[in-house]
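Notes follow the structure.
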Amino acid sequence: MNNKISHIKEATPDKFSVLLNLLSCSNINIDEVLDNIDSMNNKKILEQHPYAITENKDGRFSTYVTDDKKKNHRRKIVKASKELLETEIIKFYKEREKKNREKKLCLKEFYPEWLNYKSMHTNSTAYIKTIDELWRRYYVNDKITITPIVELDKYTLDIWAHTLIKKNNLTKKQYYNLTVIIRQALELAVEKGIILQNPFSEIKIDCKLFTPVKKKADETQVFLVNEQALIEKEAYADFEATGNTACLGIPFAFQTGMRISEIVALKWSDIGEEKENCIHVQRMETINYKYSPDGTFSKPERVVIERTKSLAGTRNVYLTSKARKILEQIRKSNLENGYDNSEYIFLNEKGRMKTLCLDTRIRKYCRHIKISEKGMHKIRKTYISTLIDSENININYIREQVGHTDERTTFGNYCFNRKPKDQTADEMEKALVYGS
């Protein structure tokens, strides 16, 4: 039935909206409706065919069609029966209509089809929504989207790409994230035979044109040693006052370095045997949107999925004695609050905690101790930087603990100085003056 819908939508866009309304009526045979519409279209094509159908002396049937390749030239077609000839006539006009439509097809019209195709190849509806937001921000009002796809040559796209970079001061990452739309849409156009090759693949950008990304100041990316102590003190005091185990999620994150989405998805069954001192990270919370082919998204829903963010997959995270003690506090609190019937570790009166419960708390604690607000991801960076600072822990083990596929990610994006400036200055003096 889907093939029929696609065919009818292309052939009769004016009737397609009516068809969609009929789909909601449970007492209508959709296949029968589609067949009837297709039959009506075929009948109309034959009625508008300008040449007569003639039966030849040999019993075969023939007619003429106008050859698009040669102006004012008609081509004869002959078939063994009238039915076969009519089928050939219908095929000819439908193919010509399709070619004419493709000559006028622009990115603005092709985008919904590509986005629907893209959504079939990913589990992340949040990613699809991000792509759509990029489309609305950078493409919708750009004339490149109303230019016929067949007219998008290298020169046109090159000018567009370079203008885009300079106008928006794009970084390299931003550029490649937003051009995934036009790049992959044109690849799909190649696969469908609309164009022979993707002209965007020929576009080359000098890296010097991109806005450079400056590594942010260390004190904005991690909790300094003295800050961590104050934050944890706030968390424990908050737990004593409220009994809310979201407070304990803060020191637990400092001890495990898990992503916040992984922490709120933990289950008691993930904890290994006592002799192993580890917890198995194998799922996470994600934001789910239901995407419809008409281009609309549903309201966001936070759900747990059985996989982690990284391609590194599931992993075992070491539980320190402090982390194990925190888990025991949580277990005891859950029992006292009547939450012991759930498989999840972090709970409140509504059930499984969401990521917002933890992130709002860490930001509140930052305000209390009068430092710049930092979210839960900065705790993860603090954890990794702490392990890197240790002389006795191998980088490959650190990489495995945090779920990175490459230690370059660990070093490049998560290595920051956690010591205050005065302490760092003392260390520099010891290393360079007294150590020489």
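What the table shows:
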| quantity | calculated |
| --- | --- |
| Looking only at the stretch 143-153, and only at residues there that are free of Cβ contacts under 8 Å to residues at least 40 places away in the same chain and surrounded by 15 or more Cβ atoms within 10 Å (Cβ to Cβ), the one that is farthest from Leu107 (Cα to Cα) | Ile144 |
| Qualifying residue in the stretch 363-374 (condition: out of contact with any Ser or Thr (no Cβ under 7 Å at 6 or more places or on another chain) and of a type in the set (Gly, Ala, Ser)) | no |
| Residue in the stretch 302-312 that is surrounded by 16 or more Cβ atoms within 10 Å (Cβ to Cβ), out of contact with any Phe, Trp or Tyr (no Cβ under 9 Å at 6 or more places or on another chain) and not in a loop (DSSP other than H, G, I, E, B) present | no |
| Residue list for the stretch 204-220, restricted to those being buried (at least 16 other Cβ atoms within 10 Å of the Cβ) and more than 18 Å from Thr409 (Cα to Cα) | Ile205, Phe210, Glu219 |
| Candidate set: the stretch 271-292, residues that are closer than 12 Å to Leu319 by Cα and not hydrophobic (A, V, I, L, M, F, W, C); chosen: the one nearest to the chain's Cα centre (by Cα) | His280 |
| Candidate set from the stretch 228-286 (those that are in a loop (DSSP other than H, G, I, E, B) and among the aliphatic types (A, V, I, L, M)); member that is nearest to Glu328 (Cα to Cα) | Leu248 |
| Set Thr424, Thr355: member being assigned by TED's automatic domain parsing to the domain that holds Ile260 and either among the basic types (Lys, Arg) or without any contact (Cβ under 8 Å) to a residue 60 or more places away in the chain (or both) | Thr424 |
| Criterion violated by Arg408 - all others in (1) surrounded by 20 or more Cβ atoms within 10 Å (Cβ to Cβ); (2) among the basic types (Lys, Arg); (3) over 26 Å from Gly243 (Cβ atoms) satisfied | (1) |
| Evaluation of Phe16 against (1) in contact with a helix residue (DSSP H, G or I) (Cβ under 7 Å, 6 or more places away or on another chain); (2) modelled with pLDDT of 75 or more; (3) closer than 21 Å to Lys99 by Cα (one fails), failing number | (2) |
| Which numbered condition Ile345 fails, given (1) touching a residue at least 60 places away in the same chain (Cβ under 8 Å); (2) under 21 Å from Asn226 (Cα atoms); (3) surrounded by 14 or more Cβ atoms within 10 Å (Cβ to Cβ) | (2) |
| Filter result (in a helix (DSSP H, G or I) and β-branched (Val, Ile, Thr)) within the stretch 394-408 | Ile395, Ile398, Val402 |
| Qualifying residues in the stretch 38-73 (those that are of a type in the set (Lys, Arg) and modelled with pLDDT of 85 or more) - the one surrounded by the fewest Cβ atoms within 10 Å (Cβ to Cβ) | Lys57 |
| Options Ile398, Ile362, Ile393, Ile388: the member that is hydrophobic (A, V, I, L, M, F, W, C) and closer than 16 Å to Asp218 by Cα | Ile388 |
| In the stretch 365-381, the residues that are surrounded by 13 or more Cβ atoms within 10 Å (Cβ to Cβ) and under 30 Å from Pro300 (Cα atoms) | Tyr365, Cys366, Lys374, Gly375, Met376, His377, Lys378, Ile379, Arg380, Lys381 |
| Qualifying positions in the stretch 181-227 - in contact with a Phe, Trp or Tyr (Cβ under 6 Å, 6 or more places away or on another chain) and assigned to a loop (DSSP other than H, G, I, E, B) | Val222 |
| Residue in the stretch 26-37 that is of a type in the set (D, E, K, R), within 18 Å of Ile89 (Cα to Cα) and either in contact with a Gly (Cβ under 8 Å, 6 or more places away or on another chain) or modelled with pLDDT of 70 or more (or both) present | no |
| Residues (over 15 Å from Phe254 (Cα atoms), in a helix (DSSP H, G or I) and in contact with a helix residue (DSSP H, G or I) (Cβ under 7 Å, 6 or more places away or on another chain)) located in the stretch 367-393 | His368 |
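The values are calculated or read from the model by the stated rules, or taken from the named source; none is laboratory data. Every value quoted in this text rests on a predicted model; they were computed, and no experiment measured them. Every residue, glycine as well, gets a Cβ built from its backbone with ideal geometry; the counts of neighbours run over all protein chains shown.
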